[in-house]
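What follows is calculated from the coordinates using simple rules that are stated; it is not laboratory data. Model, not experiment: these values are computed from the prediction. A quick note on method: Cβ atoms are made from the backbone with ideal geometry, for glycine too, and the neighbour counts reach across all protein chains shown.
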Amino acid sequence: MKYNISVVPKLFCKEPGLSLKMLHGFIKLGCAKLKPKTNYGHDHFKNLGLVYFKLTPLCNLRCKMCGQYGDKGVMKEKGLAAEAAKTILPLERYKEIVDELAPHTPVSYIWGGEPFLYPSLMPLAKYMVDKGMYFSVNTNGILIEQYAEQIVRDKWSTIFVSLDAFRDVNDTIRGQGSYDKVVKGFAALNREKKKQNSNYPMLSIVTTVTNMNYQYLKEFVMATKEFNLDFHIFNMGTYTNDTIVAAQKKLMLEKLDTNIDCLEGYNTGYNNNIDGKKLFDILQAIHNSDFGRYPPPPLESVRITVPALNPEKINTYYSDLETPVRKNCIVPWCQANINYNGDIHFCADYPDYILGNLKTNTFKEIYNGDRANRFRKLLSESENGMFPGCLRCYQNMLFGSKIKGF
Ligand SMILES: C[S@@+](CC[C@H](N)C(=O)[O-])C[C@H]1O[C@@H](n2cnc3c(N)ncnc32)[C@H](O)[C@@H]1O
Ligand code: SF4
């Protein structure tokens, strides 16, 4: 059993500078859970530990469980994403935002849609790295191969590639041919790392656990040996049900005058009927596995399950959706998501409640503004420091009071 912070020593062995940047972000996130939940009249901006950049609403895949493009995805209607993409922030505005954030927030997490469809991803990445930010990207990996040389040269910090199982099962979930494209992407990155004699970027897979893949995870881990991974993240999935969606809709309308759509995107049923005890056994085998090598190599990939739950709670996670496994969400006190159009939200997956827009205001003005504080106040006064819709939210689960997991 490990603490999720165990990525830091692993990183330290490879790249001390990178690990210190990550540690700085972790410490800020850790402090956010200890601090009193002050709302108005406080400079929350200086506590930012992690900023999500959702660069584009466009995507080149249609993964079944995805809250944006899956069966219930809010962006799946034809033409919607293309229309939304007309409002994306230009590179020049991102550079100004990075100038404001970089001195405070070394950890960034780039996502989308598919971030490689943002037209200025490569120059933006270089700018962020040069400004000293921890630059991590979550991608479906389809376009990595063609950019591998530049990614290594520009020293991206970490690439998290989404892959959900070995070829057949993965492709049923994420689309035909997607597994092989990712394999080619990893091969190209490993080739370039060797050629350029570089440890950058750290390589990771993110596997979203659903009832379509959980039984096959162990075999999948064996199949990833050739990728030279630094991390493998198992994401237990954001999900919800009709009752919770209704309760959250009512609350957001009554208390924050906001009509919400996004939570419904995660009401797909793909987390139903997962046998939590069986998944526990599978995860335990994965976390204990040394691929048959004894003693395990010191730089073996670090496997992490998110949320970092005490293992006995895994069954509760799937069998009893209405029982919290985490309390007191800390996100509004240390994190934020910048949407493709410049809107800032606390909740990356649920961009309904808008704090403000970066086309007209600075990050700091918005993060310390009235709309942000109104949300913080309501959340901190809610039962368990959470709203109903937070019960199985990935972002809420990343860090929290029980960080000891697999
Ligand atoms: C929305 S995607 C965006 C980035 C990129 N398109 C990708 O797939 O990596 C971010 C991550 O969320 C994961 N994801 C998709 N559906 C999810 C769900 N219902 N719960 C939690 N994570 C999910 C994806 O597999 C991916 O790892
Ligand atoms: S690639 Fe990412 S954004 Fe696109 S459908 Fe799949 S999970 Fe969603």
Query raised in the report: Just from the alpha-carbon atoms, what are the Rg and Dmax of the chain in angstroms?
Result: 19.9, 58
Query - Phi-based couplings in Hz for the stretch 148-161 (Karplus 6.51, -1.76, 1.60; Gly and Pro marked x) - result: 4, 4, 6, 4, 5, 4, 7, 6, 4, 6, 9, 10, 9, 9
Requested in this report: Grab the Cα-Cα distance for LYS95 and LEU20, subtract it from 0.36 nm times how many residues apart they are, and report the gain in nm with one decimal.
Outcome: 24.7 nm
Report summary line: Along the dipole axis of the stretch 152-224 (charges at Cβ: +1 for Lys and Arg, -1 for Asp and Glu; origin at the Cα centre), the most positive-end residue among TYR216, ASN170, THR158 is THR158
Query raised in the report: So which residue, out of GLY185, GLY269, GLY237, gets the largest mean-square fluctuation from a GNM of the chain using Cα contacts under 10 Å as springs?
Result: GLY269
Query raised in the report: Using the 10 angstrom Cβ neighbour count as an exposure proxy, how do MET212, MET202 rank, fewest first?
Result: MET212, MET202
Query raised in the report: Once the other residues with Cβ under 11 Å from the Cβ of SER120 are scored (Lys, Arg +1; Asp, Glu -1), what is the net sum?
Result: +2
**Report entry** Neighbour net charge for VAL152 - beta-carbon separation under 11 angstrom, K R +1, D E -1
**Finding:** +3
Report summary line: Least to most buried among ILE159, ILE144, by other C-beta atoms within 10 Å and fewest first, runs ILE144, ILE159
Requested in this report: For the stretch 115-121, just list the computed ³J(HN,Hα) in residue order, Karplus coefficients 6.51, -1.76 and 1.60, θ = phi - 60°, integers in Hz, with x standing in for Gly and Pro.
Outcome: x, 5, 8, 6, x, 10, 4
Report summary line: Once Lys and Arg are counted +1 and Asp and Glu -1 for all other residues with Cβ under 13 Å from that of SER319, the total becomes 0
Query raised in the report: If you build a Gaussian network model of the chain, linking Cα atoms that sit under 10 Å apart, which residue out of GLY342, GLY385, GLY79 swings the most?
Result: GLY79
Query raised in the report: At 25 °C and 0.890 mPa s, what whole-number value in µm²/s does Stokes-Einstein give for the translational diffusion of the stretch 126-239, with Rh from the Kirkwood sum over Cα pairs?
Result: 170
Query raised in the report: In the Gaussian network model of the chain, springs joining C-alpha atoms below 10 Å, which of LEU378, LEU263, LEU163 carries the largest mean-square fluctuation?
Result: LEU378
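List LYS78, LYS278, LYS193 from most exposed to least, where exposure is judged by having the fewest other Cβ atoms within 10 Å.
If I rank by nearby Cβ atoms, fewest first, I get LYS78, LYS278, LYS193.
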